[in-house]
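Colleague: So that we are looking at the same thing, I have put the structure below in structure tokens.
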Amino acid sequence: MFNTERKEISRADFKDKILVINFFPAAFTGVCTAQLCTASDELAFYNNIQASVIGISVDMPFSLKAFKEKNNINYDLLSDFNKLTIHEYDMYHCNFTMGIKGVAKRGVVVIGKDAVVVYAEETANPGIQVNFAALKEALLKLR
């Protein structure tokens, strides 16, 4: 996948680190903006437990860059335009809205230092926010 600076990023870049992946359907939408801005606002929490945070959608890197800049998001947003990662983590949304198919579901996945998924949440529908309290609770158990 590519970040907003068109640099290729892979899971190997986070080897031996806790990784928090925020999956989101589309940049510039209300709930997605809230999800990513909340993670950005709480980045100190993630840094204190030595967790890296990223966001993943199928938006193009150029759109993600504008979205990131507009909202002052302070972590990498990655473009899964080939839809490989959203399939790998079962975060592929078959029917988003208005007949749009093939975007990321809304959810969050935490991968531990040993590269094993230790927490995963998929919201019931894309209009519902992820449970940040449950996410933080799961992360604190990894300390």
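Colleague: Can you find a residue that is touching a Cys at 6+ places or on another chain (Cβ under 6 Å) and either β-branched (Val, Ile, Thr) or surrounded by fewer than 18 Cβ atoms within 10 Å (Cβ to Cβ) (or both) anywhere in the stretch 30-49?
Modeller: Step one: list which residues in the stretch 30-49 are touching a Cys at 6+ places or on another chain (Cβ under 6 Å), which gives none.
Within the stretch 30-49 (the criterion being touching a Cys at 6+ places or on another chain (Cβ under 6 Å) and either β-branched (Val, Ile, Thr) or surrounded by fewer than 18 Cβ atoms within 10 Å (Cβ to Cβ) (or both)), the answer is no, since none of the residues qualifies.
Colleague: Working carefully through the options 23, 62, 2, 28, find the one that is more than 24 Å from residue 119 (Cβ to Cβ) and under 14 Å from the mean Cα position of the chain (by Cα). It would help to see each step written out before you state the result.
Modeller: Numbers: 23 fails: more than 24 Å from residue 119 (Cβ to Cβ); 62 fails: under 14 Å from the mean Cα position of the chain (by Cα); 28 fails: under 14 Å from the mean Cα position of the chain (by Cα).
Sole residue among the options that is more than 24 Å from residue 119 (Cβ to Cβ) and under 14 Å from the mean Cα position of the chain (by Cα): 2.
Colleague: When only residues in the stretch 122-142 that are out of contact with any helix residue (DSSP H, G or I) (no Cβ under 8 Å at 6 or more places or on another chain) and in a loop (DSSP other than H, G, I, E, B) count, which is nearest to residue 38 (Cα to Cα)?
Modeller: Narrowing the stretch 122-142 to residues out of contact with any helix residue (DSSP H, G or I) (no Cβ under 8 Å at 6 or more places or on another chain): 122-125, 131, 133-135, 137-138, 140-142.
Still in the running and in a loop (DSSP other than H, G, I, E, B): 123-125, 131, 141-142.
Values: 123: 16, 124: 19, 125: 19, 131: 11, 141: 21, 142: 21 Å.
This residue is 131.
Colleague: Moving on to the next point. Quick one: how many residues across the stretch 106-121 are touching a residue at least 40 places away in the same chain (Cβ under 8 Å) and either out of contact with any strand residue (DSSP E or B) (no Cβ under 8 Å at 6 or more places or on another chain) or assigned to a strand (DSSP E or B) (or both)?
Modeller: So the count comes out to 6.
Colleague: Quick one: would you say residue 86 is crowded, with 20+ Cβ neighbours inside 10 Å, touching a strand residue (DSSP E or B) at 6+ places or on another chain (Cβ under 9 Å) and under 25 Å from residue 140 (Cβ atoms)?
Modeller: Working: crowded, with 20+ Cβ neighbours inside 10 Å: yes; touching a strand residue (DSSP E or B) at 6+ places or on another chain (Cβ under 9 Å): yes; under 25 Å from residue 140 (Cβ atoms): no.
So residue 86 fails the test.
Colleague: List the pairs whose first member sits in the stretch 73-85 and is touching a residue at least 60 places away in the same chain (Cβ under 8 Å), whose second member is among the basic types (Lys, Arg) and surrounded by 14 or more Cβ atoms within 10 Å (Cβ to Cβ), and whose Cβ atoms are under 9 Å apart, counting only residues at least 6 apart or on separate chains?
Modeller: Cβ pairs passing all conditions: 76/68; 77/65; 77/68.
Colleague: Another question about this same structure. Taking residue 44, is it closer than 17 Å to residue 126 by Cβ, modelled with pLDDT of 95 or more and either assigned to a loop (DSSP other than H, G, I, E, B) or of a type outside the set (Ser, Thr, Tyr) (or both)?
Modeller: Working: closer than 17 Å to residue 126 by Cβ: no; modelled with pLDDT of 95 or more: yes; either assigned to a loop (DSSP other than H, G, I, E, B) or of a type outside the set (Ser, Thr, Tyr) (or both): yes.
Answer is no for this residue.
The values are calculated or read from the model by the stated rules, or taken from the named source; none is laboratory data. Please read these numbers as outputs of a predicted model, since none were measured by experiment. Here the Cβ is made from the backbone with ideal geometry for all residues, glycine too, and neighbour counts use every protein chain on show.
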